[in-house]
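Participant: Have a look at the structure that comes next, please.
The values are calculated or read from the model by the stated rules, or taken from the named source; none is laboratory data. None of the values given here were measured: they were computed from a predicted structure. Positions of Cβ are generated from backbone atoms using ideal geometry, with glycine treated the same way; all protein chains shown enter the neighbour counts.
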Amino acid sequence: MAAHHRNHNVVIITLLILIFSNFIVLSTSQSQSDAQILQRFKQSLQNTNALSTWDNGGPPCNGDQELWNGVLCENGTVWGLQVENMGLGGVIDVDTLAELRSLRAISFMNNNFEGSLPDLSKLGALKSIYLSNNKFSGEIPGYTFNGMLSLKKIYLANNRFSGSIPVSFTTLPRLIELRLEDNDFEGNIPVFGQEKLNNFNVSNNELVGPIPDSLSHISASAFSGNRDLCGAPLQSCKKSKLPIVTTIIVAIVVAAALAALVAVFIILRRRKQTPEQPQTTNSAGSASSAATAADIDRMEQGQTGSSSPDHGNKKAESVKLTFLKDDRQKFDMTDLLKASAEILGSGVFGSTYKAALNDGQAMAVKRYKHMNNVSKEEFHEHMRRLGRMNHENVLPIVAFYYRKEEKLLVTDFVENVSLAVHLHGNKSRGLPAPNWPTRLNIVKGVAKGLKYLYTELPSLTAPHGHLKSSNVLLDRTFNPLLTDYGLVPVVNQEQAQEHMIAYKSPEYKHNNRITKKTDIWSFGILILEILTGRFPANFLQQGRGSDTDITTWVESVVRDESNVDVFDGDMEGTKHCEGEMMKLLKIGLSCCQADVEKRPDIKEVVEKIEEIKEKDVDDEFYSTVSDGDVRSSRGLSDDLGHVTFK
């Protein structure tokens, strides 16, 4: 018995030794692994003399003690990099850094890094990012900070960033510090809803428009150096002449005026040289001397002159709008010049303005910057095709303007702005969110509009191509109107692939292609956004990024019958409606399936959505079953024939 007891003790001691040995080996392996990762990361850098300790052959950490320069340690692992003021250059290799499982903070401030900002979303567990005082430049893609739910501090000040402030900043729930000063950011400041955001600075950029109410408590100095910002804590916003005047229209009119002055100079000089000689047409067919004083005056104002085909008048005609609707009252660029207006928004493709014309019309003018690869003939032909669109849920294009460098599309101004504002922006302004009946009617209207585009634009692979909540406008009765549709053929492909939703669908991320059902995928995402009130990460993703998105979240909640309410808590009018809401939710999920072949076509989607009612038919069902039982016993029992839960 005693021998057996001794043997038993020996076994236990042996097991403890083995476990302890494995723990030591594991710790050593982890340290060595961190060392190897950092040494590989160093190879992507330039001017690394300050990192000579990284080549000593030992581990970077000893418990909480740092053995390598610029390394922050905790429990023997690297949790942060603080390589500041070292003159470093080269590339920040985020793919290698992503292998540091404990990495939570990086600081490369006061170095010489250049080029585009790396895709930091690959470092999803970071809490702090410090990249100020470098030479980074270019636009920051909207998806760059997507899914970084632990991120609290972002410092990008004193670089050369341009373009819009990424909307993904507004989706970071724990963000408390954001420093973007001394860059070249332009457009509007997006709406930030984070209550704990207290260290915010966008001074010395090129930002315009009103400061969001959610940032009105920030010091005025945080917004200084932006000439066209207004609203608290700065001076209140006032209506001013259309900002587009100072950007493109003035440039156009000035060019026309210069051409007119040249024509005047030529005419006067010829008259002085041959005062008695009658004017004739030259061999090239031009009649430059036939212009009258009235023609010249009109040319100086950017208007069309007489029918004479002189060179000056051709220049003047270049500032005329091309109307697509014969039944609309015509106006010209000069009318826009005189109109009082305000900026409505600014994005990757350009800015949108509201112009109030003298005759009472209110128009929306959108400037597009990334269509310069399409010829004039091709653009005119495509615009005439889009100009034929006529449906109650499709916003008509009233007129357009073509110039090689940029294009203008003119539409009617829609009173209730975009669906995105009502889903995500109204809360910060104290306005109510749309109720369930309103959201259902919006979904039905979008479905009808999308079906119409599929019918009228059959040759387009993605008839809409850019479907998202900010491209669904709402009129006075909250009737939805699709906008920014059918533009894939005329947008530069490099910009389309990076910024348009169609190109971030699963089939594009995996196979670099879009299909006839790509718009269906975007519509499914839109349905989930409308029902949950959550801003979809899909809008911000690009390439082969993370698949953790609104679809995955909704599927997990429904599948696990979680206590988490999948529907928007601010949505009213939902009593006795959850069964119908769940039906619509499942239609949205069916549209979001990664397998294109399993997605329903647009006709089937419209038919299923038309069957959804504002209230459940069997009200007695709700008097005997709890909400939780409704979700599991009724909502999930509806078989649409397309939904699969992974």
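Participant: Considering only the range 97-114, state which residues are within 29 Å of the chain's Cα centre (by Cα) and part of a loop (DSSP other than H, G, I, E, B). Even if it seems obvious, please write down each step before you answer.
Facilitator: At the first step, the residues of the range 97-114 found to be within 29 Å of the chain's Cα centre (by Cα) are 97-99, 103-109, 112-114.
Hits for the range 97-114 are A98, E99, L103, R104, F108, M109, N112, F113.
Participant: Does the range 454-477 hold any residues that are within 23 Å of the chain's Cα centre (by Cα) and either hydrophobic (A, V, I, L, M, F, W, C) or not assigned by TED's automatic domain parsing to the domain that holds G524 (or both), and which are they?
Facilitator: L460, A462, L467, V472, L473, L474
Participant: How many of the residues in the range 32-64 are in a loop (DSSP other than H, G, I, E, B) and more than 18 Å from A98 (Cα to Cα)?
Facilitator: Final tally of qualifying residues: 8.
Participant: Do any residues in the range 364-384 that are over 16 Å from L324 (Cβ atoms) have Cβ atoms under 8 Å from those of residues that are assigned to a helix (DSSP H, G or I) and of a type in the set (F, W, Y), where the two are at least six apart or on different chains, and which pairs are they?
Facilitator: Within 8 Å, the pairs are M371/F379.
Participant: Condition first: modelled with pLDDT of 90 or more, under 24 Å from the mean Cα position of the chain (by Cα) and more than 29 Å from L123 (Cα to Cα). Can you find one or more residues in the range 612-627 that meet it?
Facilitator: no
Participant: Condition check: within 15 Å of the chain's Cα centre (by Cα) and surrounded by fewer than 17 Cβ atoms within 10 Å (Cβ to Cβ). Does S150 satisfy that?
Facilitator: no
Participant: Please indicate, with yes or no, whether at least one residue in the range 236-247 is modelled with pLDDT under 50, part of a helix (DSSP H, G or I), of a type in the set (V, I, T) and touching an Asp or Glu at 6+ places or on another chain (Cβ under 8 Å).
Facilitator: No - not one qualifying residue is present in the range 236-247.
Participant: Can you tell me which of Y485, Y508, Y503 is buried (at least 21 other Cβ atoms within 10 Å of the Cβ), in contact (Cβ under 8 Å) with a residue 60 or more places away in the chain and assigned by TED's automatic domain parsing to the domain that holds I602?
Facilitator: Numbers: Y508 fails: in contact (Cβ under 8 Å) with a residue 60 or more places away in the chain; Y503 fails: in contact (Cβ under 8 Å) with a residue 60 or more places away in the chain.
It is Y485.
Participant: Let me ask something additional. Just checking, how many residues over the range 405-458 are hydroxyl-bearing (S, T, Y) and in contact with a strand residue (DSSP E or B) (Cβ under 7 Å, 6 or more places away or on another chain)?
Facilitator: Residues flagged as hydroxyl-bearing (S, T, Y) and in contact with a strand residue (DSSP E or B) (Cβ under 7 Å, 6 or more places away or on another chain) within the range 405-458 amount to 3.
Participant: Another question, then. When you look at N85, is it crowded, with 16+ Cβ neighbours inside 10 Å and in a loop (DSSP other than H, G, I, E, B), yes or no?
Facilitator: No: the conditions fail for N85.
Participant: Related question: Say we look at the range 101-137 and pick out the residues that are among the basic types (K, R) and under 16 Å from M148 (Cα atoms); which of these is surrounded by the fewest Cβ atoms within 10 Å (Cβ to Cβ)?
Facilitator: The initial filter retains those residues of the range 101-137 that are among the basic types (K, R), namely 101, 104, 122, 127, 135.
Filter once more, keeping what is under 16 Å from M148 (Cα atoms): 101, 104, 122, 127.
Details: R101: 13, R104: 16, K122: 16, K127: 16.
Restricting to residues being among the basic types (K, R) and under 16 Å from M148 (Cα atoms), the top hit is R101.
Participant: Just to confirm my filter: which strands (runs of 3 or more DSSP E) fall fully inside the range 352-438 and include at least 1 residues that are of a type in the set (G, A, S)?
Facilitator: 362-368, 397-402
Participant: Sort out which residues of the range 337-351 are closer than 18 Å to V414 by Cβ, hydrophobic (A, V, I, L, M, F, W, C) and not in a loop (DSSP other than H, G, I, E, B), and write them in order of number.
Facilitator: A341, I343, L344
Participant: Take D93 and decide whether it is of a type in the set (D, E) and over 35 Å from the mean Cα position of the chain (by Cα).
Facilitator: No: the conditions fail for D93.
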